[in-house]
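Enquirer: The structure is given below, and queries will be raised subsequently.
The values are calculated or read from the model by the stated rules, or taken from the named source; none is laboratory data. Everything numeric here is computed off the predicted structure, so don't read it as measured data. Surface accessibility is based on the protein's heavy atoms, side chains included, excluding ligands, DNA and RNA. Shrake-Rupley method; radii C 1.70, N 1.55, O 1.52, S 1.80 Å.
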Amino acid sequence: MKKIWYILKDIILSYLIMYLAVIIFLIIYILTTDNSMVLNDTITIYKYVIIGLTISMIPITIYLYKKNYHQSKNINYKYIPLMILIGISISTFYNMLTIDYQSNKTILNLNLPIIILYTSILGPIFEEILFRYTALSKAKKVLPKKYAIILISLIFALVHNNLITIIYAFILGLLLSIILEKYQNIVYPIIVHIFANLTSIFLTSSNLFLLIISTISLLIIFLRMKK
């Protein structure tokens, strides 16, 4: 039990703090505007949830990084285009397979800069620092590496909100963990995650050509990473 708490403590506390911040943010908004009807407005609630999460995850990310700082390999900039391609390809492949089964994205009704800031920049940075940089590092101290990767990828998947996304997040989590283990710098999985999320925002319908291209791209990437 102590091992489980050691691994999961930062994840549990981080999400508790963030959701507490969201509740406080909504209460302050309702009290200061005398607008209790906001609770019946899904879009408005979603908007302020995103704002609350965004505001709270910044100090949490900084704290986790400083608290769990460890030496990494220097960034090799020749790998950056590869990471961007991985992010775009895996997101395109997933969306082309599942776009017809995905529920309407409420988030698309929000302001585009808010969407990009939360889902494609701050969100990925926060999640990589929390799950890969912090939790995975701890898990590897008490579990064999492969079990640590599977456990953290599973937990990463379960914080998402529907079956299709959970499956994708689990696969993505495995990939991001493998990239971190291979290249030994958290910047690489952050870049992959950012471009995967960013790509997903702009894919709204299935396209056979994009599916073929992303499949070929992933095969090439897989062969490249095997070297």
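Enquirer: Ignoring everything except DSSP H segments at least 4 long, calculate the 222 nm mean residue ellipticity for the chain; use -39,500 (n - 2.57) per segment, divide by total residues, nearest 500. Write out the running numbers ahead of the final one.
Expert: Values: 10 runs with 161 residues, N = 227.
That comes out to -23500 deg cm²/dmol.
Enquirer: I want to verify the translational diffusion coefficient of segment 129-225 in µm²/s; compute it with Stokes-Einstein, Rh as the Kirkwood radius over Cα pairs, at 25 °C and 0.890 mPa s. Numbers along the way, then the final one.
Expert: Values: Rh = 14.5 Å.
D, rounded to a whole number, is 169 µm²/s.
Enquirer: Tell me the carbon and sulfur percent of the accessible area for the chain, rounded to whole percent, probe radius 1.4 Å. Please list the in-between numbers first.
Expert: On the way: 8890 of 12780 Å².
The computed percentage sits at 70.
Enquirer: Now for a separate question. With the calculation restricted to Cα positions, what are the radius of gyration and Dmax of segment 117-169 in angstrom?
Expert: 11.8, 35
Enquirer: Run the reach check for Lys47 against lysines, Cα to Cα strictly under 20 Å, same-chain hits fewer than 8 apart removed. What comes back?
Expert: Lys105
Enquirer: Here's a follow-up. Tell me the Kirkwood hydrodynamic radius of segment 76-196 in angstroms, computed as one over the mean inverse distance between distinct C-alpha pairs. Walk me through the intermediate numbers first.
Expert: Working: mean 1/r = 0.0671 Å⁻¹.
Computed over segment 76-196, the radius equals 14.9 Å.
Enquirer: For segment 25-30, in order, what is each residue's ³J(HN,Hα) by Karplus, 6.51 cos²θ - 1.76 cosθ + 1.60 with θ = phi - 60°, in whole Hz (x at glycine and Pro)?
Expert: So the Karplus estimates, Gly and Pro as x, are 4, 5, 5, 4, 4, 5 Hz.
Enquirer: Can you tell me which of Tyr183, Tyr77, Tyr147 moves the most in a GNM of the chain? Springs connect C-alpha atoms under 10 Å apart.
Expert: Its mean-square fluctuation being the largest, the pick is Tyr77.
Enquirer: Right, here's the next one. Provide Rg over Rh for the chain; use the alpha carbon set for both Rg and the Kirkwood Rh (inverse mean inverse pair distance). Intermediate results must be reported in sequence, preceding the final value.
Expert: Working: Rg = 18.4 Å, Rh = 18.7 Å.
My calculation puts Rg/Rh at 0.98.
Enquirer: Let me ask something additional. Express in whole angstrom the spacing between the alpha-carbon centres of segment 150-201 and segment 59-90.
Expert: Cα centroid to Cα centroid, the span is 12 Å.
Enquirer: Let me ask something else about it. What is the extension gain from Ile164 to Leu16, computed as 0.36 nm multiplied by their sequence separation minus the C-alpha to C-alpha distance, in nm to one decimal? Intermediate results must be reported in sequence, preceding the final value.
Expert: Numbers: separation 148, 0.36 × 148 = 53.28 nm, distance 2.45 nm.
Between Ile164 and Leu16, full extension yields 50.8 nm more.
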